[in-house]
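The values are calculated or read from the model by the stated rules, or taken from the named source; none is laboratory data. In this text the structure is predicted, and so the values were computed from the model without any measurement. Heads up, the Cβs are rebuilt from the backbone with ideal geometry, glycines too, and the neighbour counts pull from every protein chain shown.
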Amino acid sequence: MATSPSTALLMIGKGKLYFDRFDSGGLPTGLRDLGNSPNFTIQPTVESKEHFSSREGVNKKDMTVVLSAGLTVKFTLEEYDKNNLAMALFGDLAGSTINLLQTTQLEGELVFYGRPEYGPWFNVTLWKVSLKPTSEVSFIGNDWGKIEFEGEVLSDVTGHPSQEYGTVVEVVAS
């Protein structure tokens, strides 16, 4: 295993993205391959409160307290699979028909199996993610269609008390 500094730790990321959409009762329905996803990102978020001393002419920051911390995700799907379209249109499936706007809540487990072109391999499991579509679903156009999502990683302390948000695991390539 390489350690910093090392060019072996640079990465050109690739991999497969899966989603297990929870039903209306919060139960899993099965992990499903989302197809080609040209991007997948995770970003930590922090909300803090700053305090400034007013004892002199210029206020000076003397303390910062973290009020909340979380994680957000973003990804893009390119395959117009009926399940992906149902997610993007808050629908449910009845055979080959998508019934639109049947729910406004899209939650489930999000899993990424990394297989980068170059660099270290990581698998990501996020136990409970609340997603929302962030792009139009284009049925006419001159470019490849895409469906964009963003979401928040929610705590699942009941199901995973020691790792309530998820895990990132380095995988040794074989």
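When each of D92, D81, D33, D62 is tested for being among the charged types (D, E, K, R), surrounded by 13 or more Cβ atoms within 10 Å (Cβ to Cβ) and either at pLDDT below 90 or over 30 Å from K14 (Cβ atoms) (or both), the lone residue that passes is D92.
Filtering the stretch 32-54 down to residues that are of a type in the set (A, V, I, L, M, F, W, C) and touching a Leu at 6+ places or on another chain (Cβ under 7 Å), which residue is nearest to F22 (Cα to Cα)? Selected residue: L34.
Would you call G13 closer than 24 Å to D143 by Cβ, of a type in the set (G, A, S), surrounded by 12 or more Cβ atoms within 10 Å (Cβ to Cβ) and modelled with pLDDT under 90? Judged against the criteria, G13 is a match. Among the residues of the stretch 134-149, those identified as touching a strand residue (DSSP E or B) at 6+ places or on another chain (Cβ under 7 Å) and surrounded by fewer than 17 Cβ atoms within 10 Å (Cβ to Cβ) are T134, S135, V137, E148. The number of residues in the stretch 16-30 being closer than 17 Å to E79 by Cα and surrounded by fewer than 10 Cβ atoms within 10 Å (Cβ to Cβ) comes to 0. Applying the condition of being among the aromatic types (F, W, Y) and within 18 Å of S37 (Cβ to Cβ) to the stretch 131-174 and asking which residue is farthest from the chain's Cα centre (by Cα) yields W144.
Residue count for the stretch 95-128, restricted to those that are among the β-branched types (V, I, T) and surrounded by 18 or more Cβ atoms within 10 Å (Cβ to Cβ): 3. Once the stretch 150-172 is narrowed to residues that are in contact with a Phe, Trp or Tyr (Cβ under 7 Å, 6 or more places away or on another chain) and more than 21 Å from F75 (Cβ to Cβ), the residue that is surrounded by the most Cβ atoms within 10 Å (Cβ to Cβ) is H160.
Count of the stretch 1-25 residues, restricted to those that are of a type in the set (S, T, N, Q) and in a strand (DSSP E or B), is 0. Residue count for the stretch 45-59 under the criterion of being farther than 29 Å from T72 by Cα and of a type in the set (D, E): the result is 1. For G108, the test of being at pLDDT 90 or above and over 28 Å from K14 (Cβ atoms) is failed.
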